[in-house]
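Chemist: The structure is given below, and queries will be raised subsequently.
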Ligand SMILES: CC(C)(COP(=O)(O)OP(=O)(O)OC[C@H]1O[C@@H](n2cnc3c(N)ncnc32)[C@H](O)[C@@H]1OP(=O)(O)O)[C@@H](O)C(=O)NCCC(=O)NCCS
């Protein structure tokens, strides 16, 4: 899809994900989300939702590769709603520890924005430096998020 500074970026969707190695990208996200990650099975659910062509589901999976090795990945889910709830949720983005600070995270989020219609929500822990990345790309935080955990 694109090549920037020797890193290739590919976008997989419900209509076109034949070339995606699901386990490779799941393993990558599980490892490189660090303390901001989830259980592997939850990341798998998010990816399967993104690649589902069922009504109201869908989204995209973006993968950055350097010399064929995964160095970054992002998953965006469509919510199936609009207006009162944003159309999309950016659920996961991670860049390999040794590749951080070189613009890969920014390229992934920018590509997600460029290829998506409607608003994009995301949540981030207050102490996560990923906030800087989101704010630089125009995300703002108007709300506090509360959850009733069950
Ligand atoms: C968040 C993350 C994806 C950023 O990826 P990255 O490739 O290192 O980010 P980039 O190099 O594209 O940086 C983009 C911008 O954010 C800023 N930024 C990124 N990390 C930063 C940090 N730790 N402190 C301050 N600014 C930071 C950069 O300065 C850059 O701004 P610039 O374009 O003005 O120079 C990466 O740090 C990561 O994988 N973290 C662990 C997983 C995580 O927290 N994911 C998000 C929650 S789901």
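Chemist: May I ask you to verify whether residue 101 is in a loop (DSSP other than H, G, I, E, B), modelled with pLDDT of 95 or more, under 24 Å from residue 8 (Cβ atoms) and out of contact with any helix residue (DSSP H, G or I) (no Cβ under 9 Å at 6 or more places or on another chain)?
Modeler: Details: in a loop (DSSP other than H, G, I, E, B): yes; modelled with pLDDT of 95 or more: yes; under 24 Å from residue 8 (Cβ atoms): yes; out of contact with any helix residue (DSSP H, G or I) (no Cβ under 9 Å at 6 or more places or on another chain): yes.
Yes: the conditions hold for residue 101.
Chemist: Within segment 71-98, can you find the residues that are in contact with a strand residue (DSSP E or B) (Cβ under 9 Å, 6 or more places away or on another chain) and either at pLDDT below 95 or part of a loop (DSSP other than H, G, I, E, B) (or both)?
Modeler: The initial filter retains those residues of segment 71-98 that are in contact with a strand residue (DSSP E or B) (Cβ under 9 Å, 6 or more places away or on another chain), namely 71-79, 85-96, 98.
Scanning segment 71-98 gives 79, 85, 86, 87, 96.
Chemist: Which residue out of 61, 91, 104, 70 is over 11 Å from the mean Cα position of the chain (by Cα) and either closer than 20 Å to residue 137 by Cα or in contact (Cβ under 8 Å) with a residue 60 or more places away in the chain (or both)? Spell out the reasoning first.
Modeler: Working: 61 fails: over 11 Å from the mean Cα position of the chain (by Cα); 91 fails: over 11 Å from the mean Cα position of the chain (by Cα); 70 fails: either closer than 20 Å to residue 137 by Cα or in contact (Cβ under 8 Å) with a residue 60 or more places away in the chain (or both).
From the options 61, 91, 104, 70, the qualifying one is 104.
Chemist: Counting only residues that are within 9 Å of the ligand (Cβ to nearest atom) and more than 22 Å from residue 1 (Cα to Cα), how many does segment 87-100 have?
Modeler: The total comes to 1.
Chemist: Being at pLDDT 95 or above, assigned to a helix (DSSP H, G or I) and more than 12 Å from residue 93 (Cα to Cα) is the filter here, so list the residues in segment 32-45 that pass it.
Modeler: 40, 41, 42, 44, 45
Chemist: Condition first: more than 19 Å from residue 20 (Cα to Cα), in a strand (DSSP E or B) and touching a helix residue (DSSP H, G or I) at 6+ places or on another chain (Cβ under 9 Å). Can you find one or more residues in segment 114-124 that meet it?
Modeler: Taking segment 114-124 as the starting set, the residues that turn out to be more than 19 Å from residue 20 (Cα to Cα) are 114, 116-124.
Of the ones still in play, those that are also in a strand (DSSP E or B) are 120-121.
If we keep only those that are touching a helix residue (DSSP H, G or I) at 6+ places or on another chain (Cβ under 9 Å) as well, we get 120.
Scanning segment 114-124, I find at least one residue that is more than 19 Å from residue 20 (Cα to Cα), in a strand (DSSP E or B) and touching a helix residue (DSSP H, G or I) at 6+ places or on another chain (Cβ under 9 Å), so the answer is yes.
Chemist: If you don't mind, another one. Run down 84, 36 and say which single residue is within 16 Å of the ligand (Cβ to nearest atom), more than 19 Å from residue 12 (Cβ to Cβ) and surrounded by fewer than 18 Cβ atoms within 10 Å (Cβ to Cβ).
Modeler: On the way: 84 fails: within 16 Å of the ligand (Cβ to nearest atom).
Exactly one residue qualifies, and that residue is 36.
Chemist: Considering only residues of segment 110-150 that are in contact (Cβ under 8 Å) with a residue 60 or more places away in the chain, surrounded by fewer than 16 Cβ atoms within 10 Å (Cβ to Cβ) and within 20 Å of residue 30 (Cα to Cα), which is farthest from the ligand (Cβ to nearest atom)?
Modeler: The extreme case among them is 125.
Chemist: Tally the residues that are closer than 24 Å to residue 124 by Cα and touching a strand residue (DSSP E or B) at 6+ places or on another chain (Cβ under 7 Å), restricting the search to segment 14-47.
Modeler: So the first thing to find is which residues in segment 14-47 are closer than 24 Å to residue 124 by Cα, and the list is 25-47.
Subsequent filtering for residues that are touching a strand residue (DSSP E or B) at 6+ places or on another chain (Cβ under 7 Å) retains 25, 28-29, 32-33, 43, 46-47.
Adding up the residues that qualify gives 8.
Chemist: Determine which single condition residue 107 fails, assuming it passes every other condition in (1) away from the ligand (no atom under 12 Å from the Cβ); (2) over 21 Å from residue 147 (Cβ atoms).
Modeler: Of (1) away from the ligand (no atom under 12 Å from the Cβ); (2) over 21 Å from residue 147 (Cβ atoms), only one is false for residue 107: (1).
Chemist: From the list 50, 73, 44, which residue is surrounded by 16 or more Cβ atoms within 10 Å (Cβ to Cβ) and within 13 Å of the ligand (Cβ to nearest atom)? Please lay out each step first, then the result.
Modeler: Working: 50 fails: within 13 Å of the ligand (Cβ to nearest atom); 44 fails: within 13 Å of the ligand (Cβ to nearest atom).
Within the list 50, 73, 44, the selection yields 73.
The values are calculated or read from the model by the stated rules, or taken from the named source; none is laboratory data. This one's a predicted model, so the numbers in the text were calculated from it and none came from an experiment. All Cβ positions, glycine included, derive from the backbone under ideal geometry; neighbour counts span all protein chains shown.
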